[in-house]
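The values are calculated or read from the model by the stated rules, or taken from the named source; none is laboratory data. Please read these numbers as outputs of a predicted model, since none were measured by experiment. Using ideal geometry, Cβ is built from the backbone for each residue, glycine included, and neighbour counts are taken over all protein chains shown. These accessible areas exclude ligands, DNA and RNA; they are computed on the full protein's heavy atoms, side chains included. Shrake-Rupley method; radii C 1.70, N 1.55, O 1.52, S 1.80 Å.
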Amino acid sequence: MRSKVIAGNWKMHHGPAATRKFFNEFAPRFPGVEPTILIFPPTISLLAAAESRGGRPEISLGIQNIHWETGGAFTGEHSAGMALSAGACFALVGHSERRHVFGETDEEVGRKVGAAVVEGLSPVVCVGETLDERRAGRVEEIIVRQLDAALLGVPEDAVKSILVAYEPVWAIGTGETATVQDVEGAHGILRRRLAGVRGEGFASEVAILYGGSVKPENAAELLKVTDVDGVLVGGASLDPESFARIAEAA
Ligand code: PEP
C-alpha cells in the first residue's frame, strides 16, 4: 500500500521571508507523518524552508527544476547535487510550464530524470496533454510518449524511485478540474505503461499524483480515485490553511 503524497508546487511565489511565515503556520497544523507532505518552494527559498520546517524533516522538500549536468557554465541553473545539499530530496521534472513556457523537450526531461536518480533525488515526472490534444483524442499517445521519454533516463539499477504526476495542461491554474473518469482513465494508462516497460514490481512502487486545480473542496473526491496516490497542488498550496485542509483530506 503506497502512502498518499500531498505535494505543493509554489512556482515563482514565496521568497525566503514568506517561506518562513508559511512553515511557522503550517508545521504545527500538521503534526503527523502521514500523508507524505512535499513542498517545492522556489530554489532561493529552499534553505529557508529547510530551516523553518520546525525540526520536522518528514515535511519533505523538492526543487522545481534541475539541470542534468553536475556543474559548469550554466548561468541561472542548479544541479541535483546542489538541491540535495540545500535540503531537497525530490525534483519536479517536466512541469507543463517548463515544457510549454521554456520549451523543455522530452529528451531534456529524460536527461534531468537521469541526473536526479543518479545523484539521489526522487524525480516527480509531470506529464499531461493540452486541450487541443485532448480534443483530438490524443491523451494516451501524449502521456505515454512523455512517460517513455522520462523512463529512458532511469537506469535499471536506480536506487531512487520515481513519482509521476498526471497534470492535464488545460486544468492547471484554470479552475477546471478533470473529471473522476478522466483521472482514473489517465492514471490507469500510466500504471499499465509503467508495468509494460519496467515490470509490475517497478510499477507498483511508483506513486502517481493528480494535479490541476486541486482545492480543499475537491481533494477528497480526487484522492479516492483508483490509482491516485496523491495530489500535486499549485495555487492552493500557497496558503497554509488551504494546503493543510487538502492534506487532511488524504
Ligand atoms: C501545478 O502548478 O502543478 C498545478 C497543478 O497548479 P494549480 O493547482 O494551480 O492548477
Exercise for review: Would you be so kind as to identify which of Thr36, Val180, Ser204 lies farthest towards the positive end of the dipole of the chain, taking Lys and Arg as +1 and Asp and Glu as -1 on Cβ and the Cα centre as origin?
Suggested key: Thr36
Exercise for review: Starting from the Cα of Lys224, draw a straight line to each of the lysines and keep only those under 21 Å, dropping any in the same chain fewer than 8 residues away.
Suggested key: Lys4, Lys215
Review point. Using the Cβ atoms and a cut-off under 14 Å, what net charge is assigned to the surroundings of Thr70, where Lys and Arg are +1 and Asp and Glu are -1?
Key: -1
Practice item. Please say if segment 57-127 is rounded, prolate or oblate, where rounded means a/c under 1.5 for a ≥ b ≥ c the square roots of the C-alpha gyration tensor eigenvalues, and otherwise the choice is prolate for a/b larger than b/c and oblate otherwise? Key: oblate
Exercise for review: Provide the solvent-accessible area of Ser122, counting protein heavy atoms only and rolling a 1.4 Å probe, rounded to the nearest 10 Å².
Suggested key: 10 Å²
Check your understanding: What number, in nm² with one decimal, is the all-direction average of the projected area of the convex hull of the alpha-carbon atoms of the chain?
Key -> 12.3 nm²
**Study point:** Among 34-40, 193-199, 145-151, the order from most to least packed when residues are scored by Cβ within 10 Å on average
**Key:** 34-40, 145-151, 193-199
Study note, to complete from the structure: Nearest-0.05 FRET efficiency for Glu25 and Cys89 at R0 = 22 Å, using Cβ-Cβ distance, is 0.45
Point to revise | Helical segments meeting 15 Å axial Cα length and Kyte-Doolittle -0.5 threshold in the chain (DSSP H) | key: 106-119, 139-151, 180-198
Review point. Once the piece of chain linking Asn218 and Asp106 is laid out straight, how much longer is it, given 0.36 nm per residue of separation minus the C-alpha distance between them?
Key: 37.3 nm
